[in-house]
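Working notes for the structure below.
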Amino acid sequence: MSEKLNVSLIQANLEWENTDANLQMFSAKIEEIKGETDLVILPEMFTTGFSMNAESLAEGTEGKTLEWMKKKAKEGNFAITGSVIIKESGNFYNRLIFVFPDGNYHTYDKRHTFTLAKEDKIYTAGTERLIVDYKGWKICPLVCYDLRFPVWARNTVDYDLLIYVANWPEKRIAAWDALLKARAIENMSYCIGLNRTGKDGNDHNYNGHSAVYDMLGNALSHPEKSEVFVSTFSLYKTELKDVRNKFKFLQDRDDFSLN
């Protein structure tokens with residue numbers, strides 16, 4: 001078990017529907033990470049932007065992006081995560097992939113497809129939440145619109161870190177800021193939101209605001225708006241345990257199950 005987890009955020013402008021350009025860009029940004037890291041977080045649909053053009057852009061379950069993620073994880077001896085457009089058994093998924101340094105991986109299909117953009121008409125919603133066990137840390141990775149639905153994130157399993165990867169537009173960034181902090185507080189968990197920047201092919205603007213919160217909702221980062229932001233934050237298991245043992249708020253949580 002690792003007492004400290006170093007997590008690196010890469011907030012960047014995405015080339016619209018250009019997988020090769022985005023993989024090349026993120027390869028360069030990974031090289032900018034200073035010091036050792038345990039986990040690298042990339043945005044939602046980090047190879048394409050938030051596109052509904054799934055028929056043209058989808059990769060298979062063992063596509064080039066997964067191979068790239070495995071390669072980077074092995075080279076850097078870190079885990080890496082972000083979401084990608086995947087086609088499987090005739091269906092399209094906005095699929096988060098969590099790759100371990102040894103090349104093994106877990107997947108999570110976005111549960112709440114964004115109806116405002118008609119994502120629900122193109123992509124099949126996931127049905128199961130993922131809890132990753134990595135270096136003794138229990139991690140719950142979710143995707144963008146999932147942030148608006150606290151029941152899906154409810155910490156019924158004592159996870160340590162909640163992650164959201166996103167393409168969250170600037171015009172609704174106040175909700176992003178507020179909800180990330182709320183998810184940290186109500187779940188007594190570290191909470192990280194990783195958003196993109198720039199403008200996509202639908203003329204939606206993104207201004208980042210990637211953030212890291214501790215289990216009491218204290219910001220460990222400043223809302224970063226720059227086009228490219230690469231930074232590493234250290235999370236501490238003892239601090240998390242001490243706060244939970246002191247306040248014991250999770251012991252008073254409502255008893256229910258996620259169906």
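The values are calculated or read from the model by the stated rules, or taken from the named source; none is laboratory data. Treat the numbers as computed from the prediction; the structure is a model and nothing was measured. Cβ coordinates were reconstructed from backbone atoms using ideal geometry, including for glycine residues, and neighbour counts include every protein chain displayed.
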Consider only pairs whose beta carbons are under 6 Å apart and that are at least six residues apart or on different chains; among these, list those whose first residue lies in segment 2-17 and is within 28 Å of Lys138 (Cβ to Cβ) and whose second residue is of a type in the set (Gly, Ala, Ser).
Ser2/Gly136; Lys4/Ser234; Asn6/Ser234; Leu9/Ser210; Leu9/Ser231; Gln11/Gly208; Gln11/Ser210
Any chance segment 205-218 includes a residue that's surrounded by fewer than 19 Cβ atoms within 10 Å (Cβ to Cβ), farther than 30 Å from Lys241 by Cβ and touching a Lys or Arg at 6+ places or on another chain (Cβ under 8 Å)?
yes
Scan of segment 18-35 for residues that are free of Cβ contacts under 8 Å to residues at least 40 places away in the same chain and surrounded by fewer than 18 Cβ atoms within 10 Å (Cβ to Cβ), ordered by number:
Asn18, Asp20, Ala21, Gln24, Ala28, Glu31
Quick check on this structure: which one of Asp252, Asp242 is surrounded by fewer than 18 Cβ atoms within 10 Å (Cβ to Cβ) and modelled with pLDDT under 95?
Asp252
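Here's the yes/no breakdown for (1) surrounded by 15 or more Cβ atoms within 10 Å (Cβ to Cβ); (2) among the hydrophobic types (A, V, I, L, M, F, W, C):
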{"residue": "Leu130", "(1), (2)": "yes, yes"}
{"residue": "Ile139", "(1), (2)": "yes, yes"}
{"residue": "Pro169", "(1), (2)": "yes, no"}
{"residue": "Arg172", "(1), (2)": "no, no"}
{"residue": "Asn195", "(1), (2)": "yes, no"}
Can you tell me which residue within segment 209-227, out of those that are hydroxyl-bearing (Ser, Thr, Tyr) and at pLDDT 95 or above, is farthest from the chain's Cα centre (by Cα)?
Tyr213
Any chance Met188 is crowded, with 18+ Cβ neighbours inside 10 Å, over 29 Å from Tyr93 (Cα atoms) and in contact (Cβ under 8 Å) with a residue 60 or more places away in the chain:
yes
Filtering segment 149-175 down to residues that are of a type in the set (S, T, N, Q) and out of contact with any strand residue (DSSP E or B) (no Cβ under 9 Å at 6 or more places or on another chain) yields Thr156
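Evaluate the following for Thr48: is it on the phi < 0 side of the Ramachandran plot, surrounded by 24 or more Cβ atoms within 10 Å (Cβ to Cβ), touching a residue at least 60 places away in the same chain (Cβ under 8 Å) and of a type in the set (Ser, Thr, Tyr)? Don't jump to the end; show me each part of the working.
Working: on the phi < 0 side of the Ramachandran plot: yes; surrounded by 24 or more Cβ atoms within 10 Å (Cβ to Cβ): yes; touching a residue at least 60 places away in the same chain (Cβ under 8 Å): no; of a type in the set (Ser, Thr, Tyr): yes.
Spelling it out, it is not the case that Thr48 is on the phi < 0 side of the Ramachandran plot, surrounded by 24 or more Cβ atoms within 10 Å (Cβ to Cβ), touching a residue at least 60 places away in the same chain (Cβ under 8 Å) and of a type in the set (Ser, Thr, Tyr).
If a residue must be surrounded by fewer than 20 Cβ atoms within 10 Å (Cβ to Cβ) and closer than 24 Å to Thr232 by Cβ, how many such residues does segment 73-99 contain? Let's see the steps before the verdict.
Filtering segment 73-99 for residues surrounded by fewer than 20 Cβ atoms within 10 Å (Cβ to Cβ) gives 74-77, 87-92.
Now restrict to residues that are closer than 24 Å to Thr232 by Cβ: 74-77.
The number of residues fulfilling the criteria is 4.
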For Ser234, state whether it is outside any strand (DSSP E or B) and either more than 19 Å from Lys29 (Cβ to Cβ) or out of contact with any helix residue (DSSP H, G or I) (no Cβ under 6 Å at 6 or more places or on another chain) (or both).
no
Checking Tyr159 against (1) more than 23 Å from Tyr93 (Cβ to Cβ); (2) at pLDDT 95 or above; (3) crowded, with 18+ Cβ neighbours inside 10 Å; (4) of a type outside the set (D, E, K, R), only one condition comes out false. Which one?
(1)
Reported set for segment 2-55 where residues are among the hydrophobic types (A, V, I, L, M, F, W, C) and part of a helix (DSSP H, G or I) is Ala21, Leu23, Met25, Phe26, Ala28, Ile30, Ala54
